[in-house]
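Before any comments, here is the structure.
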Amino acid sequence: MHENVEKIMITEAQIAKRIEELAAQLDRLYEGRKPLVVCILKGSVMFFADLLRQMKTSVEMDFMVVSSYGNGTVSSRELTIKKDLTMDIFDRDVLLVEDIIDSGNTLYQLKKLLNARRPASLNIITLLDKPQRREVPIEPEYTGFVIEDEFVVGYGLDYAEEYRNLPYVGVLKRSVYEK
Ligand code: PRP
């Protein structure tokens, strides 16, 4: 275990098992169709890659970089697109892949923006969900794990860009971010 990790919250094996289950559900959902699966960079990269390798459905991939920020009030939050999709999603079955939903602001805004492009369907899958932190109403169609409000890193998730390549989801030691 990494020296700055307090405890492992979700092991590599637990992640792999859950991904197999989710991939099977998505294969049933998209049977006979070819969804466009969108990785919301950077945090989702591990989940995206592992999930797609377990799916048997023929898919296409695209990537987005967004950030949601505001001046304190929820209603003033704005979504900045730092890298947009390269593909046209009109009439496509789109699956957004996220690593974590926290306040929900990012996906709330992103969903609104992408729905305006008139996809045939738009679903959200997230590896982790922290429902206690929600500020806006957004519910993913598929969730890997519902977790408590703890500072998690690993398997794509960072603290100051570090820890993304840990193979598990761990709780970061308080001393790391409180110093
Ligand atoms: C994280 C995560 C979500 C968002 C969730 O991304 O990947 O996109 O924050 O938070 P919210 O529900 O409160 O909006 P981040 O902006 O940290 O970028 P990263 O994926 O590159 O680490």
For region 123-134, take each phi angle, set θ = phi - 60°, evaluate the Karplus expression 6.51 cos²θ - 1.76 cosθ + 1.60, and give the result in whole Hz per residue in order, putting x for glycine and proline. 10, 10, 10, 10, 5, 10, 9, 10, x, 4, 8, 4
How much of ASP129 can a 1.4 Å solvent probe reach, expressed as accessible area in Å² and rounded to 10? 10
Measuring with a 1.4 Å probe in the full set of protein chains, what accessible area per residue, in whole Å², belongs to region 1-143? 52
GLU3 - accessible surface, heavy atoms, 1.4 Å probe, Å² rounded to 10: 140
Per-selection metrics, region 11-103 (Cα): Rg and Dmax in Å: 15.0, 45
Given the candidates VAL45, ILE138, GLN109, the one whose Cα lies deepest towards the positive end of the charge dipole of region 1-151, counting +1 at each Lys or Arg C-beta and -1 at each Asp or Glu C-beta, is GLN109
Give the average over all directions of the projected area of the C-alpha convex hull of the chain, one decimal, in nm². 10.4
ASP91 paired with ALA49, simple spin-label distance in nm, labels 7 Å along Cα-to-beta-carbon: 3.5
Dipole of the chain, positive direction: furthest Cα of HIS2, TYR159, PRO35, with charges on the beta-carbon: PRO35
Any lysines whose Cα falls less than 20 Å from that of LYS173, other than same-chain ones fewer than 8 residues away, would be LYS7, LYS130
Any idea of SER175's accessible area? Nearest 10 Å², probe 1.4 Å. 70
Could you size up the charge dipole of the chain around its Cα centre, putting +1 on the beta carbon of Lys and Arg and -1 on that of Asp and Glu, and report it in debye to the nearest 20? 280
Expressed in angstrom and rounded, the centroid-to-centroid distance over alpha carbons for region 127-160 and region 35-105 is 14
Share (percent) of C-alpha pair distances in region 91-170 greater than 16 Å works out to 54
Determine the share of the chain's accessible area contributed by carbon and sulfur atoms, expressed in whole percent, with a 1.4 angstrom probe. 48
What do you reckon, how do ASP149, ASP93 stack up by accessible area (1.4 Å probe), largest on top? ASP149, ASP93
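The values are calculated or read from the model by the stated rules, or taken from the named source; none is laboratory data. Bear in mind that the values here come from a model prediction, so they are computed numbers and not experimental data. We place every Cβ from the backbone using ideal geometry, glycine too, and count neighbours over all the protein chains shown. Keep in mind that these areas ignore ligands, DNA and RNA; they rest on the heavy atoms of the full protein, side chains included. Shrake-Rupley method; radii C 1.70, N 1.55, O 1.52, S 1.80 Å.
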